[in-house]
Amino acid sequence: MEFSELIKTATVESVLLSCAGQPAVKGTLCITSHHLLLSSCPGGDGQPSAVELWLLIRNVDAVEKRLAGSSGTITLRCKDLKVLQLEIPGMEECLNIASSIEALSSVDSVMMMYPFFHRPQTLRLEEGWPLLPMEQHFQQIATQWRLSDVNQDFSICPTYPPAVIVPAAVSEETLRRAARFRQGGRFPVLSYYHTRNGTVMLRSAQPLTGPNRKRCPEDEMLLGSVLDEGERGFIIDTRSAQTAKQARMTGGGTEPKSSYPQWKRLHRGRPLQESFIKLVEACNDASLGMDRWLGRLESCRWLSHVKAALSTACLAAQCLDREESSVLVHGAEGTDTTLLVTALAQVILEPESRTLKGFQGLLEREWIQAGHPFHLRCAHSAYSHARLKQEAPLFLLFLDCVWQLSRQFPFSLEFSEGLLLTLFDNAYASDYGTFLCNNEKERQSTHSLWAWLDQPEERKKYLNPLYSPNPLVIWPSVEPQSIQLWQGLFFRWIRSSQYLDEAWAEIWRLVEGSNAAVKESTENRLNRSLSDPTARMENER
């Protein structure tokens, strides 16, 4: 297939672009294989001279067209929740443009996507791959664990990385047999080692006990080797007890108490359903009064999902830090809510995960290498008319929970809201291959988003000027009054952020001015102490 076959009309003159909060712009619209561009004519009709639209077509979630006489209007609803309107002269041109955008935005072949064509001059292709090798992460783990390459060729589990961390006492053959007893081959592996007390958090998929309650001695041995004699652990099942029970009838199931006597099972869980779509619809409805808005916000239940996710992550963190008990987290496949809980628990527990570099490493380890199917879950956003069963905004839910933490603990996270927004945008449509495909096996060689973000001029954009390292566990409040709507995301394209941006710019100015003053004062004291023996003696006291 050639991209040119999908483009029926490549260029149209005198197209009027409208977007909420921005002045309308008239110019020339161009369609390329991956981008939609609009450039205004310099100085024409009193318009600004160089206004451009540069939209990745993969970002288009839905295309709506309306014809009136000899012209038409195309509304583009984007995966990042932006809504654009194009008024196009000529009925045929309007239909051709709409058809071309629909076709290009629906290309499903991974190899045809823009990250395989994007080659920024400032980056090397190998930069950021991988961000944090598993071998480097393993160096921080105690000796009773080992790095296994049992999955080196992805034959044991296609959604796991080639190297995983497992108990040192467990053989490769035991891992192979345990993998056959877990859905998708996702046997229990180490997710997090709590250095304060040596407890661990594991993750896996559900056991395939089925209606006949099958057992697997190797799986029981694997989990048993995690705990010392007399110790107990907790299994946090992200499904409800009813859902887990139903799964047994289709070959899945749970760990029975008789086979895993040291492990206590806890059930949590609530499906996302259509919450995301309903919330975006409510945010875009300008006709709502206060009572109706609050009613719509309540009925979409998005904040309830945020509360449930934070509560489950807190439960896992509490088991590790306060109960001093190890934890196994799984749902059904172990690639969705399981990763949401394990990643969020680490942000709560681990100061390193709250730094910019540490957070990137956490995402690489717990979402990307751990096999979250981004290509399936983020195929469409909130506007698509072709709703598919495998889509779910779980990564967005994780980012929303992290934003809740940053709001409750504004000094404890090194990165800002801007990073979370950028991650959301790139998960759904990106120039980079970091969130491409469904697992490590499928991911090909493209430029890494991390390499781009770690450039000094880019990195500063995502730092929190108020950051002060906090070595403590941050326990969030999950009371209803404490959970708030993430307005920076859901109202990003609806309401101007000018005054908030100006406030943050002023905060940066004050912080940098303060740092400069402290540095100058310190340098002056050092210079004085070096030149004045009396001052040096005073300084030493």
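The values are calculated or read from the model by the stated rules, or taken from the named source; none is laboratory data. As the structure is a prediction and not an experimental result, all values here were calculated from the model. Ideal geometry is used to build each Cβ from the backbone, glycine not excepted, and the neighbour counts take in all protein chains shown. Keep in mind that these areas ignore ligands, DNA and RNA; they rest on the heavy atoms of the full protein, side chains included. Shrake-Rupley method; radii C 1.70, N 1.55, O 1.52, S 1.80 Å.
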Being among the β-branched types (V, I, T), at pLDDT 90 or above and under 20 Å from Q346 (Cα atoms) is true for just one of V189, V150, V170. Which residue is that? V189
Restricted to region 23-66 and to residues being surrounded by fewer than 14 Cβ atoms within 10 Å (Cβ to Cβ) and modelled with pLDDT of 85 or more, the residue farthest from E5 (Cα to Cα) is P23
Any hit, region 273-292, residues being assigned to a loop (DSSP other than H, G, I, E, B), of a type in the set (S, T, Y) and free of Cβ contacts under 8 Å to residues at least 12 places away in the same chain: yes
E391: over 23 Å from E457 (Cβ atoms) and surrounded by fewer than 22 Cβ atoms within 10 Å (Cβ to Cβ), yes or no? yes
The residue from L423, L413, L397, L436 that alone is open to solvent by less than 30 Å² (accessible area, probe 1.4 Å), touching a Lys or Arg at 6+ places or on another chain (Cβ under 8 Å) and either part of a strand (DSSP E or B) or closer than 26 Å to L279 by Cβ (or both) is L413
Residues (within 11 Å of T355 (Cα to Cα) and not hydroxyl-bearing (S, T, Y)) located in region 450-471: L463, N464, P469, N470
Residue pairs meeting the criteria (Cβ under 9 Å; at least 6 apart or on separate chains; first assigned to a loop (DSSP other than H, G, I, E, B), in region 68-82; second surrounded by 20 or more Cβ atoms within 10 Å (Cβ to Cβ) and hydroxyl-bearing (S, T, Y)): K79/S381; K79/Y383; K79/Y428; D80/S381; D80/Y428; L81/S381; L81/Y383
Working carefully through the options D149, D153, find the one that is open to solvent by 20 Å² or more (accessible area, probe 1.4 Å) and either closer than 17 Å to L37 by Cβ or touching a residue at least 12 places away in the same chain (Cβ under 8 Å) (or both). D149
Considering only region 330-353, I want to know if a residue exists there that is open to solvent by 10 Å² or more (accessible area, probe 1.4 Å) and over 25 Å from L223 (Cα atoms). yes
